[in-house]
Amino acid sequence: MIFSKFNVSFLFVILFLSSCSSMNVTEETVYSGDVKTVQASTNNEDISYDSQAVFANATIYFDFDKTNLTSKSLQTLKSVVEALDDNSQLNVVLAGHADERGTREYNLALGQRRADAVSQYLILNGVESNRIITKSYGEERPIANGQDEESYAKNRRVEIN
Amino acid sequence: MKKVFLLLIFSNFIFSELVLEITEGTEDPYRVAILPFKGDERLSSELENIISNNLKRSGEFYVFKAIDLLSIPDNEENIVFNDFKILNVDYLVMGNINNGDVVYEVYDIRKRSKVRSSTVFGIPNKNRQLAHYISDGIYEEITGIPGISSTKILYVTQEKKYRLMVADADGENEQILLESKEPIISPSWSPDSRQVAYVSFETGMAKVFIQNIATGEREVALVNNSQISSPAWSPDGKFLSLTLYQDGNAEIYILNLRNKNLTRLTNHYSIDTESSWSPKGSKIMFTSGRSGSPQLYELDLKKFNAKPKRISFEGNYNAKGSYLPDNEGIVFVHRSNTNFQIAMKYFDENFIRTLTIAKMDESPSISPNGNVIVYAIKDDGMGLLAGVTLSGAKFRLPTTKGAVREPSWSGYLR
C-alpha cells in the first residue's frame, strides 16, 4: 500500500567529510525521481441533464461571496418545489458553484453553502431530505469564461438537476 | 532567513520561455564566474546553461561566463586571483566531467582559497538533475542556505483533461501524475516528498486522495459520504488536516493516517477551510468566514480547547495562508480593491507586504528554504505559474500550454 517501503532507486548519499579547516567536501548521487502516471476512472454519478431532470431543472444565481436566496430565486424555487411535489419519484442533485475570484478551496465551501441554502428551502417547503443530494464544484466548472461581472454573475449559481 | 527589503516596483513581464526579471531593488548580487567543465564539452555547456539560469533565478547572483573573464585557468595552480578580483568576481567555479560524474570546486576570490570540493555522481538521462545538484551545492556554499534547484513543483493543468503534474523547480522535466476528466485541486506534498495528497472530483464529488509518486499507488484518504477537501500534511507526515462537509458546513479536522482517527478542530456555522501547519506542527492556520468575510485564523494545537485567534486584519479578503519555513511570518492571498494579490506578513511587523500587483494572483506556495514563492497568475484569462523571490527577482515558469494552476512546492529532495 501507500505507506510501504519506498523504492530503493531513491538512494542518495550525502557525505560531509571535513578535510582542511575551511573547505567543504561533499559526495552525492543524483536520484532518479521516477514517476508513474495514473488515469482516474471517472465514475460520475451525475444525473444526466436531459433524462431525469425534465421538470426540476433550474439554475439559481447568487451575489458575490453571498449564499442567501434572492427574491427572484424564490420564484424559480417555487416551481421546482411544485415539480417535485408532482413527481414523487424525482430526486434532485444541487451542485453549487462560485465565480473565479478568491481562493479555490474557499470557493468550494461557498458553492457548498449555496447548494445547502437551496436544499434548506426545498426541505422547508416539504421536500424530503433523502430526495436531495448537495455538492459543490467551487470555481472549477464555470459556464461563462469571461473575466467580467457579467460572466461572474452567471457562474455564481446552484444547478438543480 | 534574512529579511531583504523588497522594492515593490515590478514592471510587466516580457516573455519568451523562462523570463528572468531582476528588479532594481536587488541588493549586491554574489558575482560568480562559472568556467566550462572539462572532459565533456557537450554536457558541460548543457550543465552550464542550467546552473547559470538556476543561480540567476534566485535573484541573488550575477553570473560571469568564460568570455567575460581575463584569464581562464585550467587547474587550481593556474588561477590568477587578481584577474578575477579586478572584475569584482566573488567566487569562481570550475570542474571536471568524468563518465557522467562531476567534480566541481568553488574558490573564494577574496580569500584566495578553495572553499568547496564536491563530487556528484550522475545517472543516465538525468543531466538536468545533475545540474540542479551542482547549482544547489554552489548556492549553499555561497549563501549558507540550502539551494532549491533540485526540488520539485506540483501543479494542475487543464486542457481537454485535468492533469496533476510534477516538474523540476525551473518548470522543466514535466511528468504526469494523474489524468482525469474531472477537476483536480489542492495538491500537497508529504513532508518526505514521496507522496502527494490532492482533491479529485472523479467520483462526482470532491474527495481527497493520497498517491505514491514512484509507484502510482493511490487510495482515498478517508471514506465519507460527503465532500472532503483541502488536504495538508503535518510536518512529521503522520497527520493530514482536511476540510470535511459532514456537519452540513465546512469544518477542519485532523486525520491520523495510521489509525484513521478524526479530531475535529473547528466548530462554527461559517466556512472554515484551507488549513496549513506551522513548521513545527504546533499550530494550524486556516481561512474562516466567521467575521463576515474570509480572514486568517490560527489555532494552538498544544492548548486544550484553544480558541481560534484572528491573525489577518487588513482588507476584507485574506485567505489560503501558509507559514514561512522559519516561522517568522505568513504568506497568503490578499484582496486590495478588486485585485487578488500575494501578500506576506512578518509576525514582528504590524503591516502586510504585497508581493505582486496583478489582478488575479492565487495559490502561493513557499520554497523549502523560504526564499521563493511560486503562485498562479491569470494572463489574458490564461493560467500560468510565476515566482517572486524575497530578493526581488520575478520570473515565470515555462510549463506546457493549457491553463496552469495550483502550484505546490516540495521539500528538499537532495
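Observations
- Global geometry of the range B:152-409, whether rounded, prolate or oblate, following the gyration tensor of its Cα atoms and the 1.5 cut on a/c: rounded
- Helix B:41-57 axis, angle to chain B major axis (alpha carbon atoms, nearest 10°): 50 degrees
- Of the trypsin sites (Lys or Arg not before Pro) in the range B:194-255, those whose Cβ has at most 15 other Cβ within 10 Å and which sit in DSSP loop: B:Lys238
- Order by protection proxy (mean Cβ within 10 Å, highest first), peptides B:30-36, B:312-318: B:30-36, B:312-318
- Peptide B:80-91, shielding by other chains (average Cβ, 10 Å cutoff): 0
- Test item: B:215-225 mean partner chain Cβ contacts at 10 Å: 3
- The alpha carbon centroids of the range B:215-232 and the range B:106-143 are separated by 40 Å.
- By the count of neighbouring beta-carbon atoms within 10 Å, fewest first, B:Met205, B:Met344 end up ordered B:Met344, B:Met205.
- Once the Cα atoms are used to define both axes, helix B:127-143 deviates from the longest principal axis of chain B by about 90 degrees.
- B:Ser291/B:Asp68 FRET efficiency (R0 60 Å; Cβ-Cβ; nearest 0.05): 0.60
- Peptide packing for A:86-94, B:147-155, B:287-295 was compared via the average number of neighbouring C-beta atoms within 10 Å per residue; ordered from the highest value, the list is B:147-155, B:287-295, A:86-94.
- Trypsin sites (Lys or Arg not before Pro) within the range B:47-78, DSSP loop, no more than 16 other Cβ atoms inside 10 Å: B:Lys65
- Separation in nanometres of the label points that stand 7 Å from Cα toward Cβ, at A:Met23 and B:Asn225: 7.0 nm
- Pairwise FRET efficiency - B:Lys359 versus B:Glu314, Cβ, R0 = 22 Å, nearest 0.05: 0.75
- One compactness figure for the protein assembly as shown is 1.06, namely its Cα radius of gyration divided by 2.2 N^0.38 Å.
- Percent RCO, i.e. relative contact order, over chain B, from Cα pairs under 8 Å lying at least 6 residues apart: 14 percent
- Taking Cα centre as origin and charging only the Cβ of basic (Lys, Arg, +1) and acidic (Asp, Glu, -1) residues, the dipole magnitude of the range A:52-160 rounds to 120 debye.
- Computed about its Cα centre, the charge dipole of the range B:19-143 is approximately 120 debye, with only Lys, Arg, Asp and Glu carrying charge at their Cβ.
- Paramagnetic label zone (point 7 Å from Cα along Cα-to-C-beta, B:Lys85; backbone N under 12 Å) in the range B:94-130: B:109-113
- Note on B:Asp348 and A:Lys66: their simple-model spin labels are 4.5 nm apart, each label 7 Å out from Cα toward Cβ.
- Ranked by how many other Cβ atoms sit within 10 Å of their own Cβ, fewest first, the residues B:Asp83, B:Asp236 fall in the order B:Asp236, B:Asp83.
- Remark: the range B:152-409 carries a charge dipole of roughly 480 debye about the Cα centre, counting +1 on each Lys and Arg Cβ and -1 on each Asp and Glu Cβ.
- A simple spin-label model places the labels of B:Lys160 and B:Asn99 4.7 nm from each other, with each point 7 Å out along Cα-to-Cβ.
- Shielding by partners for peptide B:116-127, expressed as the average number of C-beta atoms from other protein chains within 10 Å of each residue's C-beta, is 4.
- Rounded if a/c under 1.5, otherwise prolate or oblate - the range B:313-414, Cα gyration tensor axes: oblate
- Remark: for residue pairs B:Lys152/B:Lys320; B:Lys309/B:Lys378; B:Lys181/B:Lys345; B:Lys65/B:Lys394; B:Lys152/B:Lys181, the C-alpha separation exceeds 28 Å in B:Lys309/B:Lys378; B:Lys181/B:Lys345.
- Taking B:Ser190, B:Ser200 and counting other C-beta atoms within 10 Å, the order from fewest to most: B:Ser190, B:Ser200
- Global form of the range B:19-143, assessed from the alpha-carbon gyration tensor, a/c cut-off 1.5: oblate
Every number in this text was worked out from the coordinates using simple rules, so none of it is lab data. Every value quoted in this text rests on a predicted model; they were computed, and no experiment measured them. Because the Cβ atoms are built from the backbone with ideal geometry, glycine has one as well, and the counts that use them run over all protein chains shown.
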